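The values are calculated or read from the model by the stated rules, or taken from the named source; none is laboratory data. On a predicted model such as this, the values are computed, not experimentally measured, just so you know. No Cβ is skipped: glycine too gets one built from the backbone with ideal geometry, and neighbour counts run over all protein chains shown. Areas reflect the complete protein model, heavy atoms only, side chains present, ligands, DNA and RNA absent. Shrake-Rupley method; radii C 1.70, N 1.55, O 1.52, S 1.80 Å.
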Amino acid sequence: MTAYHIPVLVDEVLSYLIGRNPGVYVDATLGDGGHAAAICSRLAKGGRLIGLDWDAGAVERARSRLAEYEGMATLVQESYTRLEEILPELGFPRVDGVLLDLGVSTWQLMDPARGFSFHRDEPLDMRMDRRLSLRAADLVNTLPEEELAALIFKYGEERWAGRIAAFIARHREKKGLIESSGQLAEIIKEAIPAAHRRKGGHPARRTFQALRLAVNRELENIEAVLPQALRSLNPGGRLVVIAYHSLEDRIVKRFFQEQSGGCTCPPGLPCICSGEGRLKLLTRKAVRPSAQELERNPRSRSARLRAAQCREAF
């Protein structure tokens, strides 16, 4: 039997996402189909699910998981940054809900060819889409020390970014290229003072996060997709986003706040929006997993969900 990734906050996703039933819903971060299967099981006859993922392996796993919903689900290997192009191509320029689950899947973390894990010795890749040209190894081995330190600090919020970059640069100079996740994890461990290694999980966690975010341009992609998702919604449509760390959640929170504020008309033009924001917040603060879910799925502990509803058509 295939072991699938356990989706987080499933009941909450269904509650906030599905407002019109039957309707057309987009799981823009398909993974191996956990949320998509739950959405399909909830939709009435005539409902549609569009699933997007830029990882070909994820799409194939999801296709297997969603086999019983073949007539309801359309799955496409594409980045959600092309959402506004893809939906009209599929015949659905407007939809009733968009889900973005921004986390990396357990399947990707466990894939020995990806190099996401600092617990094993794997090729230092970290591409979610193998069509991307830049690998984590390219960043680690080619960036000047100062740029590497800035990257680790910006995307990993790592206080020891400067020391880690210095240790990496010294390793490159004296021992050659760093090609595996195990090599890199050991260098990072050496760079962080012993008194601080025992705090906040594995010492390489933040640096690996930084490299993954940079390789896949994850934060830039979130900035790109949120406005597209809003413009793709029918009046009353829902946007639900699950983030897993403060950098992601900060972008989502800021976007929701901006779009739920007062007048959103261009400066200098008459107001035609009645002074209301384009979004109505459905969650005043981030929704976190329950104690029961944490016990069932410890990986959900960092998840935080935000949801909003589109007030009118664009």
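Tell me, how many Å apart are the Cα centres for segment 168-182 and for segment 123-162? What the calculation gives is 13 Å, centre to centre.
Under the simplified labelling scheme, the residue 301-residue 157 pair shows an inter-label distance of 1.6 nm, with each label point 7 Å from Cα along Cα→Cβ. For segment 14-52 and segment 66-85, what is the centre-to-centre distance using only Cα atoms, to the nearest Å? The two parts, judged by their Cα centres, are 10 Å apart. For segment 61-141, relative contact order (Cα pairs under 8 Å, six or more residues apart, normalised by length) works out to 12 percent.
Between amide H atoms placed 1.01 Å from N, distances below 5 Å from residue 75 occur with 51, all of them 5 or more places distant or on a separate chain. For residue 199, the accessible area of its heavy atoms, probed at 1.4 Å with every protein chain present, is near 130 square angstrom. For P(r) over Cα pairs in 10 Å bins from 0, in percent, the value computed from the atomic coordinates appears in the list [x] 6, 25, 31, 22, 12, 3, 0; [y] 5, 20, 20, 18, 18, 13, 5, 1; [z] 6, 22, 19, 14, 12, 11, 9, 6, 2, 0 under label [x]. Stretching the chain fully between residue 312 and residue 294 yields a gain of 2.8 nm (0.36 nm per residue, less the alpha carbon separation).
Taking 0.36 nm per residue of separation and subtracting the Cα-Cα distance, full extension of the segment from residue 106 to residue 138 would add 9.1 nm. Each Lys and Arg adds +1 at its Cβ and each Asp and Glu adds -1 at its Cβ; summed about the Cα centre, the chain shows a dipole of about 920 debye.
Dividing the helix sum by the residues of the chain, where each DSSP H run of 4 or more adds -39500 (n - 2.57), gives a mean residue ellipticity at 222 nm of -12500 deg cm²/dmol. Only protein heavy atoms count here; under a 1.4 Å probe, residue 107 has an accessible surface of about 70 Å². Rolling a 1.4 angstrom probe over the chain with all protein chains present gives an accessible area of which 51% lies on carbon and sulfur atoms.
If both residues of a DSSP beta bridge must be in the chain, then about 40% of such bridges are antiparallel. Highest mobility in the GNM of the chain, judged by mean-square fluctuation with C-alpha springs under 10 Å and restricted to 211, 90, 109, is found for 90.
The tail of the calculated P(r) for segment 1-86 beyond 16 Å holds 49 percent of all Cα-Cα pairs.
Using a probe of 1.4 angstrom and keeping all protein chains present, the accessible surface of segment 155-226 works out to 46 square angstrom per residue.
Per-residue 3J(HN,Hα) values for segment 228-235, derived from phi via the Karplus relation 6.51 cos²θ - 1.76 cosθ + 1.60 with θ = phi - 60°, read 5, 4, 4, 5, 8, 8, 5, x Hz in sequence order (x marks Gly and Pro).
Applying 1/(1 + (r/R0)^6) with R0 = 51 Å to the Cβ-Cβ distance of residue 147 and residue 45, what FRET efficiency is obtained, to the nearest 0.05? Once the sixth-power term is evaluated, E becomes 0.40. Roughly how tilted is helix 205-216, in degrees to the nearest 10 and between 0 and 90, from the longest Cα axis of the chain? Approximately 60 degrees, to the nearest ten. Shown is the FRET efficiency for residue 190 and residue 84, computed with R0 = 51 Å from the Cβ-Cβ distance and rounded to the nearest 0.05: 0.65.
Figure legend: label point modelled 7 angstrom from the Cα of residue 217 along Cα→Cβ; residues of segment 44-66 with amide N under 20 Å from it are 52-56. Anything over 31 Å Cα to Cα? Flag those among 199/280; 189/285; 154/174; 154/199, in the order listed. Over 31 Å Cα-Cα: 199/280; 189/285.
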